[in-house]
Structures are given as structure tokens and as C-alpha cells.
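Below is one structure, written out as C-alpha cells; comments come after it.
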Amino acid sequence: MILIPNHAPRGNQPDDNMIPLINIVFLMLIFFLIAGQLTSSDFIKIQPPTSQQQSALQEHDAVLLVSSRGQLAFNDMLLEADALTDLLKQAISETNNAQSFKLLIKTDASVPANKLTELLKRVRAAGILRVSLATQTQSNKHD
Amino acid sequence: MLLEQPFSAKRRMISLTPLIDVVFILLLFFMLSSGFTHWRQMDITAASESYNTDEIRTQYHLVLQTAGEYEFDKRRYPLSKLSPVKQTRTEDKRSVFVVSVAEGVTTQQLIDFLDQLKTIGVEKVSLAGLAI
């Protein structure tokens, strides 16, 4: 049985030159789909410290960001350090459960450790018992 | 036997241009919105929550210095030499190591030091009154 196409064999068409480009674009698309994670970006840019800790990041009630320039942002709102304790107390009162209130601190790796300990003291003064420091794995250091 | 394909002569190849457009838009979206940081967390809880204070007898103070040193028991050691801390921890397993930092120490250096302490088996670490 012979099938005869009702049109002549197609020669080189302009689109043919695009096929390698499409291949590469598809490969890049697949790479970003698989390797990337769709997450909302932080309110201020943070380069987190690296750590050997293996605990995966969990859900938190509030996030405190500390930038390399010392800026503070609590739940996507810039604030002064003096106002932190009051804001934290307010956030706790909204959840009605201070015992289980979880705060995540995302601090830049270059932030002075003294500033971090001072913030931790303020957090403790607000009555928060569960605090986590966000870190990244060693392999992500230069991402 | 000759068979003709039932397709009409009007059938043409689909142009690839719209496909490329869509794929490019998808690619741009994923490139701009994807993040590659694998976040981890270091848990810090209030000392009173995690440690039974009746159980703890001694607090040892560690001061992390710049230039790769730490102070322990009024003496300075390089960060590569944590054996005095390890020995103390072995002798007194109920002890708590209170970590404080000198001026100029960055958060990264502090985290590295805490990691090192964990590596040698020091579990009861306190930072700013919070237990790690």
C-alpha cells in the first residue's frame, strides 16, 4: 500500500531555522520549572547566612527581616527597632496564643551579630518563645 | 493500490512563531519569579522552655571574637581548637554554654560558630537568653 501525499515534499521553510532556538528555550523552561521554586520575594533584599542546619523551613506566624544596612521589616512593613516589641506584642495578641506563636528572623549574613542579639532580646521581651533564624545550605551560598 | 490522503489541499503547516512567543513568555515568567535559595532554619527557643533549670548547674561563657578566635574561661583560643569546650561538655553534661559576641562579629561568623559547637556535641547553647 502506497500513500501519496497530496502536496509536494516541503523544502526548507523559514521556521526551520528556529527549531534549535525552540529546543534551547524549551530546555531552559524545563530547567526553571524543575529547579526553581515559586516563592514571594522578600520585602527587602536579604543574603541569608549559610549553615549546616538541615531543618527545612516551616510555616511561621510572622517574619522579621533585617537587611545588611540595618533596616527592619516586620510582615512587609518597615519599622524602627524601638517599635518592634510593641508590634510583636500586638501580633501575639491577635493570635491569642503566645505559646505557639512562631517568629522567623531572616537576617543578612553581614549584619553585626550584636544587632541580632539585641533584636533577640527585644523578641524575648515581647514574650515570644519560638524563634527561628533563616539560613541557607552551603551549596546555595553564591545564588 | 493507491490511496490518497483524505486531507484537503488547504491544510498547511502550523507556524511555530506563536508557540515560540508563548514559550518565551513562560520562560520569562519562571526566570523572574523562581528562587533558588534552599531555606533552612535554626530553631531558637526561650531557655526556660527548652531547659529544665533545676537540672542545670553551671553556665559557661563563650565570647566570639573577630579574627577567628573565641574566649573561654578567660583565655583565647582559635576557632579551630574547640577541645576545651568539648572537654568541659564531656565533664559536665548538664552545663549550658552562653554565647556572646564581640564588636565587629557578623551574623555569618556567629552561625558558623554555633554550627561548630553543634558539631562537637554541644547541645545546650544560649544566645541572648534564648536557647539554641
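Checked against (1) at pLDDT 80 or above; (2) more than 8 Å from chain A (Cβ to nearest Cβ), B:PRO6 meets all criteria but (1).
Mind checking whether some residue in region B:110-128 is part of a strand (DSSP E or B), at pLDDT 85 or above and among the aliphatic types (A, V, I, L, M)? Give the derivation first.
Our first condition is that a residue be part of a strand (DSSP E or B); within region B:110-128, this holds for B:125-127.
Checking the rest, the ones that are also at pLDDT 85 or above come to none.
Scanning region B:110-128 turns up no residue that is part of a strand (DSSP E or B), at pLDDT 85 or above and among the aliphatic types (A, V, I, L, M).
Residue pairs whose Cβ atoms lie under 6 Å apart, sitting 6 or more positions apart in sequence or on different chains, and linking a residue in region A:105-120 that is more than 7 Å from every other protein chain (Cβ to nearest Cβ) to a partner that is in a strand (DSSP E or B), are A:ILE105/A:LEU64; A:ILE105/A:LEU133; A:LYS106/A:LEU65; A:LYS106/A:ALA134. Only one entry in A:VAL131, A:VAL111 is of a type in the set (A, V, I, L, M), at pLDDT 85 or above and touching a Gly at 6+ places or on another chain (Cβ under 9 Å), namely A:VAL111.
Tell me, which residue of region A:48-98 that is among the polar types (S, T, N, Q) and facing chain B (nearest Cβ under 9 Å) is surrounded by the fewest Cβ atoms within 10 Å (Cβ to Cβ)? I'd like the intermediate steps shown before the answer.
Initially, region A:48-98 is screened for residues among the polar types (S, T, N, Q), giving A:50-55, A:58, A:67-68, A:71, A:75, A:85, A:90, A:93, A:95-97.
With facing chain B (nearest Cβ under 9 Å) added as a condition, the list becomes A:50-55, A:58.
Working: A:THR50: 20, A:SER51: 23, A:GLN52: 16, A:GLN53: 19, A:GLN54: 8, A:SER55: 12, A:GLN58: 11.
The selected residue is A:GLN54.
Of the residues making up region B:72-89, those that are free of Cβ contacts under 8 Å to residues at least 24 places away in the same chain, under 20 Å from B:LYS124 (Cβ atoms) and outside any loop (DSSP other than H, G, I, E, B) are B:PHE72, B:TYR77, B:SER83, B:PRO84, B:GLN87.
If I filter region B:29-66 down to residues being within 14 Å of chain A (Cβ to nearest Cβ) and assigned to a loop (DSSP other than H, G, I, E, B), which single residue comes out as modelled with the lowest pLDDT?
Looking at residues that are within 14 Å of chain A (Cβ to nearest Cβ) and assigned to a loop (DSSP other than H, G, I, E, B), I get B:TYR51.
Taken over region A:26-53, the residue count meeting the criterion of being touching a residue at least 40 places away in the same chain (Cβ under 8 Å) and touching a strand residue (DSSP E or B) at 6+ places or on another chain (Cβ under 8 Å) is 7.
The values are calculated or read from the model by the stated rules, or taken from the named source; none is laboratory data. The model shown is predicted, which means the values in this text are computed figures rather than measured ones. Glycine also receives a Cβ, built like all others from the backbone with ideal geometry; neighbour counts cover every protein chain displayed.
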